[in-house]
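The values are calculated or read from the model by the stated rules, or taken from the named source; none is laboratory data. Quick caveat, the model's predicted, so the values are computed rather than measured. Note that we place each Cβ from the backbone using ideal geometry, even for glycine, and neighbour counts take in every protein chain shown. For the accessible areas, the whole protein counts, side chains as well, though only heavy atoms, and no ligand, DNA or RNA atoms are used. Shrake-Rupley method; radii C 1.70, N 1.55, O 1.52, S 1.80 Å.
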Amino acid sequence: MTPMLAPLVGDAPTVTFIGLCKNAGKTTAMCRLIEELSGETLAMTSVGRDGERTDVVTGTEKPEIWVREGTLFATARGMLPLCDTTLVVEGLTDVMTPLGAVGIFRALSDGYIQLAGPSAVNQLGPLSKTFRALGAQRVLIDGAAGRKSLAGAESGATAVLCVGASVDGGIPFIAAETAHTCQLFAAPEAEDAGLHAALDAEEGRYALFSLQGERLPLELEQNGQPAWHLLPRDHCVLWIGGGVTGPLLRTLARRGAPITVAVPDATHFLCDRSSAETFRRCGGSLMAARRLRIAAVTANPWSAYGKHLDGPALLEALRAAVDVPVVDVRQ
């Protein structure tokens, strides 16, 4: 097999597969990378459920996950009867799912596995550390539809963004939405050393800084949110430790004053394309304390729901819309 994804993810310790929608091809892309990294000891888990032949929600066919002897994986206890590989228990976690407690296992033979792992970002970091203590060279996370936050689970992680025909709207819409996500992930870090240090150390929900990193007074409402109408008219940096939504950006845009919104990393940007464009037109900008990287965009012209797009046309549109490498993992 010609390496396609492995050269793009490089030596990233964790690779997360995120999608613009359900059935975007995340598991297909992960299975491709598993084959390409056959010489490494891999560890993997999933947010949600993956590896089943038929999607339990949509009833559509899904790719199975085949692993080699020595692979580590975390899955719920209820998934074990559905795994046909011989395995050994390496440990238990305190993560509970509807399918039972999540355990850590090692495959003692080649075979198929099914995954149902943690659903929270703060659970994935400790799990990755446990994987590495058990000898994993790289961690793969099969994400859930729309869950970009998973890509920020570990420092140095990279993401593979999966898009395709399952996204409603046609090729131009898919290309525009893909470009929007890539643009959010490309949010820059602070260039000023003082501001960079201030953002890197900030742990609060909200904070306000000058462009040089000096902390400014920030008035809060009784509900704990900033008093938007009292923000300075001079260009300043508003730190938001949680999610940045479309309504929030529209609120800031209506002020008519330049402001930079800074977050821990780009996975905190939960805003839609229209709101982000409006915010930028009003002089706003986005910044991340820690830069994340999308290593590749995978294009799947086939939909699990029977819809098919022109493959070459989809690839061409995506490559024209983004600076990230675009590949068809089915090749």
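Taking the criterion of being crowded, with 21+ Cβ neighbours inside 10 Å and farther than 17 Å from ALA179 by Cβ, the residues of the stretch 266-286 that qualify are THR267, HIS268. Determine, yes or no, whether GLY246 is out of contact with any His (no Cβ under 7 Å at 6 or more places or on another chain) and under 30 Å from GLY213 (Cβ atoms). It is true that GLY246 is out of contact with any His (no Cβ under 7 Å at 6 or more places or on another chain) and under 30 Å from GLY213 (Cβ atoms). For the stretch 199-241, a residue qualifies if it is open to solvent by 20 Å² or more (accessible area, probe 1.4 Å) and outside any loop (DSSP other than H, G, I, E, B), and the qualifying residues are ASP200, ALA201, TYR206, ARG215, LEU216, LEU220, TRP228, HIS229, LEU230. Could you tell me which residue of the stretch 85-126 is nearest to GLU35 (Cα to Cα), considering only residues that are part of a strand (DSSP E or B), out of contact with any Phe, Trp or Tyr (no Cβ under 9 Å at 6 or more places or on another chain) and open to solvent by 50 Å² or more (accessible area, probe 1.4 Å)? Going through the qualifying residues, I end up with LEU92. Taking the stretch 254-265, which residues are surrounded by fewer than 22 Cβ atoms within 10 Å (Cβ to Cβ), without any contact (Cβ under 8 Å) to a residue 60 or more places away in the chain and under 16 Å from PHE185 (Cα atoms)? Matches in the stretch 254-265: THR260 only.
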